[in-house]
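Contents: one structure, followed by commentary.
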Amino acid sequence: MFKGSHKPAFSNDASLQVENHGTAQYPFRLNFYDKPPLYDVTIEDLEICALDRLRILAEIESSAARNRSWEETKSFTMAQCSKYLPLNANSARTDLHSERRKDHLGHFVLRLAFCRSEDLRRRFIKAESTLFRIRFETDDGQERRQFLSSREFRWTAVDNAEKEKYKAELKANYQGFRNEDDKERAFAQENYYKVRWTRVPDLVEKRKVFLKGGWAYVPSRDQSSIAYQEFEDQLGNALQMTAKALPRLDEDNRLLPILNNLSQGFVAGVSSDWVAPSSEGNEDQVRAEMVDELAQKHFPLCMRNLHQNLKKDHHLKHFERLTYGLFLKVLGLSVEEAIIFWRKSFVGSHVKDDKFNKEYKYNIRHSYGLEGRRANYPAKSCQQLLMAESSSYGCPYRNFSPENLQSALLSAYSSQGLTSSDLPEIMQTVSARHYHVACTRVFETTHAKSGVKRGEGVGAGESVTHPNQYATKSMEMEKQRKDSMDVKAEMEMEVDL
Amino acid sequence: MDDLDASSPEVMRTFYRRLYPFKSIFNWLNHQPVPTRLFTHREFSFTLPQDVYLRYNSFNTVEDLKKQVCLLAPTRFEIGPVYTARPKDKKTVRPGAFKPLQRELVFDIDMTDYDSIRTCCKDAAICKRCWGFIAAAVRVLDTSIRDQFGYQHLLWVYSGRRGIHLWISDKEALSLTDEQRRALVNWMMAVQPGKGKEVGKVIARSGTKPLPPCLQFALSELAEVFSDIILNDQDCFGSEEGYDALLHLIPDSKVAENLREKWSTGPYRTSEDKWSDLKNQIKKYPKGTSQRPILTSAMEDIILLYTYPRLDAEVSKHRNHLLKAPFCVHPKTGRVCVPVDPSLIDDFDPEMVPTVGQLLRELDAAGSQNENGMEHHSDWESTSLKPYVDIITKHAQSLMEDVRRGKRETDTTTW
Ligand SMILES: [Zn+2]
């Protein structure tokens, strides 16, 4: 039928001639983005296209995080789209070429920005496929058919003989018909396509197709599944290729800051120097269930204190939550993991799931810059904590009474090698108001077994100025120690006994 | 008295050196006579005594693997995925560049998941009778995978104690992503085993709708198994505990009460009697009434619940799951994890599987008969391990034959 050379039957109307020109490059509203934009664009143009698309993708992520239904997600996204990224059907009397060019360009700029880590790629694919799906569902029926026929989906139409052969099996998937006649009629009208089952895993998972010899018999009404899967797979491959090619691209030094900015806007909140080490490979990411152990081994007293309180009370007050949440964010806890962590931590408190979803989840996402004004909130530094003057979330070296501080130190760090004979010196620096020196001394003492000597601080004599600096350094040191050991007892798998 | 203890490194070393069929294992994993990435980039992990666990080993040749195994004499070793780089180089490659690529599609069926049903044995014990559950599961899974997914290279391996593993080596199966593996497993999963004494539940049916077609096929097969194993051999509903579980699965309190009354007060009724009592109760509802299909669905569900394969899904869903290699020795039973021919699964008796001690004695006996006999690597020829090695050798040959043929035809299929 249509093989990319779609020629609409336009009249001689002059305005439609312009549109005809516009749709020649982009014959369809839907786009698989196989061809990169090969035309000159200004930097401003590029940035606008990308930023506007980013708003849409952020809305989609936000919808997922709020557990919006599919219909809600669709309507919220469509609303954002009509504002920032309108994309109309061929029948519309808008400037189709500009719309589709913007869609095309924005997608490719974001590919460059998001190809650089596994995590970014995964999130980008998810958001883009959702956008594709929303557009696919809202597309004009005829245009969608034309779009589908314009592409080589490598599906084989099932002929009548074969359809008859598997009639019983194929019909068994028809449910919700009142009587046999209706069912028979529907079956007679249905067309089937054969594809390898690996191309429609979602249909297989829900047992919505008939499978024979590894071929899935997909009714035409479920063809969209094939298109979605194809879109995802292609985008995944394309991002891998882009990631490989990126270092070799002659990167325009005006482009790079924009790309960085874009991906950061998406990750929102996690500072770029943190993203670099943590996003590579899944093993290094901080997951919710790891926090407890990390706290025992790596956190400075202020954060240990917050962690203990959270465990004890299954709750933290607003500023405590904010302080601890931002600390964990910078530590490498992704927003998804943060939600899991806080939800688990609140189990046993008065906060019910419903309330958690409504209020706390929003706050968590807000602190990750995914809600509200989408600001990149940094974690609180020692300076800020020292000014806080609250015993619950400020600097404990400053705010705790000497007795409380000593017992807090012993209970937190005696397993790490701190003994009561270390206390007099620490308390002396505290009474001289050198709180960060006291904290640094604790770091040195508890990391002596990793080879940290007195006066070395958190590296090269530096003293503690930020809770995250403390924790990061401690984690790095442990990792180095681990890596140098050849025999590891890793028990990350189950084995049959 | 078995003086040859499977937990002794010396016994294991001799076993690996003289009996373990490294060559066939290599052919099975590599599909070709010359090492490819399927072998060189493959993870092997070793479990040493005292639970020391060595991961991310890889080898250039099967000789290197054998050398290392004989040196370490692990209590067992596991086979993992093929990675983008050699696992032994893991530390020197960028973390993001080290990813699992390919892996046989594997399944694990274990007696543990049948503990709430079987009546003959408890805990770690297994006998020929409860093997019937495993045999039924193997038949259903083997047929379904071949018929529905079209895979042909299936290797079933006894796990050494009370379960069975399935390794599928078809090209497409090797390359499945985790997402595709999950989809396949969810297609296969019909039953969620319950915790403790709960029987579990059927997850494949949505509401009161008919079963999906793929399960209707399995059901007709399993109805027979249900009668043989559940009603007769295991007499699952004989005890009060047993029929109580059954009554809990009947979504009609009137029927359930009538039956409870009859079974708790009247004379003893066998499981078979009770099952026909249930049928008779259902027949009291005329056809066309709404209770009738609800109750017949419930009967179908009960059959599935008691006989459908109970899979350990997590094993199958991820490419980077490690699974014990065939022909390892189970440290507790001393039995070798031998391949099993699925067409003879009903005759398989786990208690007849050779132990390492038995094999080494056979070896000694054969050795004294012909001095300076055959080379070490084929010593298994003179032991009762032979028929099992023959299974994997034949299996590997058909895989290699496929690859050879595929190369000649330069693979014309596209999908
Ligand atoms: Zn038994």
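The values are calculated or read from the model by the stated rules, or taken from the named source; none is laboratory data. Computed from a prediction, not measured in an experiment: that's the story for all the values here. Cβ sites come from the backbone with ideal geometry, for glycine too, and all protein chains shown count toward neighbours.
Side notes on the structure shown:
- Residues of the range B:376-389 that turn out to be buried (at least 16 other Cβ atoms within 10 Å of the Cβ), part of a helix (DSSP H, G or I) and within 21 Å of the chain's Cα centre (by Cα), as a count: 2
- If only residues of the range B:89-116 that are within 16 Å of the ligand (Cβ to nearest atom) and within 22 Å of B:Glu78 (Cα to Cα) are counted, the one that is nearest to the chain's Cα centre (by Cα) is B:Ile109.
- From the options A:Lys358, A:Lys329, A:Lys344, residue that is of a type in the set (D, E, K, R) and out of contact with any helix residue (DSSP H, G or I) (no Cβ under 9 Å at 6 or more places or on another chain): A:Lys358
- Lone qualifier among A:Lys380, A:Lys453, A:Lys449 - being out of contact with any Lys or Arg (no Cβ under 6 Å at 6 or more places or on another chain), in the same structural domain as A:Ala295 (by TED's automatic domain parsing) and within 21 Å of A:Tyr324 (Cβ to Cβ): A:Lys380
- Neighbours by Cβ (under 7 Å, 6+ apart or cross-chain): first from the range B:12-30, farther than 13 Å from B:Ser169 by Cβ; second part of a helix (DSSP H, G or I) and charged (D, E, K, R): B:Arg18/B:Asp379; B:Leu19/B:Asp379; B:Phe22/B:Lys66
- Residue count for the range B:72-93, restricted to those that are touching a residue at least 40 places away in the same chain (Cβ under 8 Å), assigned to a loop (DSSP other than H, G, I, E, B) and more than 16 Å from B:Thr36 (Cβ to Cβ): 3
- Given (1) crowded, with 18+ Cβ neighbours inside 10 Å; (2) of a type outside the set (A, V, I, L, M); (3) out of contact with any His (no Cβ under 6 Å at 6 or more places or on another chain), index of the condition B:Gln216 fails: (1)
- Residue in the range B:94-110 that is assigned to a strand (DSSP E or B), more than 11 Å from chain A (Cβ to nearest Cβ) and among the polar types (S, T, N, Q) present: yes
- Remark: pairs (first residue in the range A:325-336, under 16 Å from A:Leu120 (Cα atoms); second residue among the basic types (Lys, Arg); Cβ separation under 7 Å; 6+ apart in sequence or on different chains) = A:Val335/A:Arg365.
- Any hit, the range A:317-326, residues being part of a helix (DSSP H, G or I) and within 18 Å of the chain's Cα centre (by Cα): yes
- B:Leu231 satisfies every condition listed in (1) assigned to a loop (DSSP other than H, G, I, E, B); (2) out of contact with any Pro (no Cβ under 7 Å at 6 or more places or on another chain) except (1).
- Taken as a whole, the condition of being away from the ligand (no atom under 16 Å from the Cβ), under 17 Å from B:Asn320 (Cβ atoms) and in the same structural domain as B:Leu154 (by TED's automatic domain parsing) does not apply to B:Val34.
- Among the conditions (1) hydroxyl-bearing (Ser, Thr, Tyr); (2) more than 9 Å from chain A (Cβ to nearest Cβ); (3) in contact with a helix residue (DSSP H, G or I) (Cβ under 8 Å, 6 or more places away or on another chain), B:Tyr151 misses just one, which is (2).
- Residues of the range A:397-429 that turn out to be over 20 Å from A:His447 (Cα atoms) and of a type outside the set (S, T, N, Q), as a count: 4
- Any hit, the range A:475-489, residues being modelled with pLDDT of 80 or more, part of a helix (DSSP H, G or I) and crowded, with 16+ Cβ neighbours inside 10 Å: yes
- Flag if B:Glu272 is in contact (Cβ under 8 Å) with a residue 40 or more places away in the chain, assigned to a helix (DSSP H, G or I) and closer than 17 Å to B:Ile117 by Cβ: yes
- If the condition is being among the small types (Gly, Ala, Ser), exposed (fewer than 13 other Cβ atoms within 10 Å of the Cβ) and within 12 Å of chain B (Cβ to nearest Cβ), then the range A:143-183 contributes A:Ala168, A:Gly176.
Condition check ((1) modelled with pLDDT of 95 or more; (2) not assigned by TED's automatic domain parsing to the domain that holds B:Glu351) across all residues:
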position	(1), (2)
B:Glu375	no, no
B:Trp380	no, no
B:Pro387	yes, no
B:Asp390	yes, no
B:Lys394	yes, no
B:Ser398	yes, no
B:Asp402	no, no
B:Arg405	no, no
B:Trp415	no, yes
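- Within the range B:56-71, the set of residues being within 14 Å of chain A (Cβ to nearest Cβ) and either part of a loop (DSSP other than H, G, I, E, B) or crowded, with 20+ Cβ neighbours inside 10 Å (or both) comprises just one member, B:Asn57.
- Test: B:Phe44 is more than 14 Å from every other protein chain (Cβ to nearest Cβ) and not in a helix (DSSP H, G or I): no
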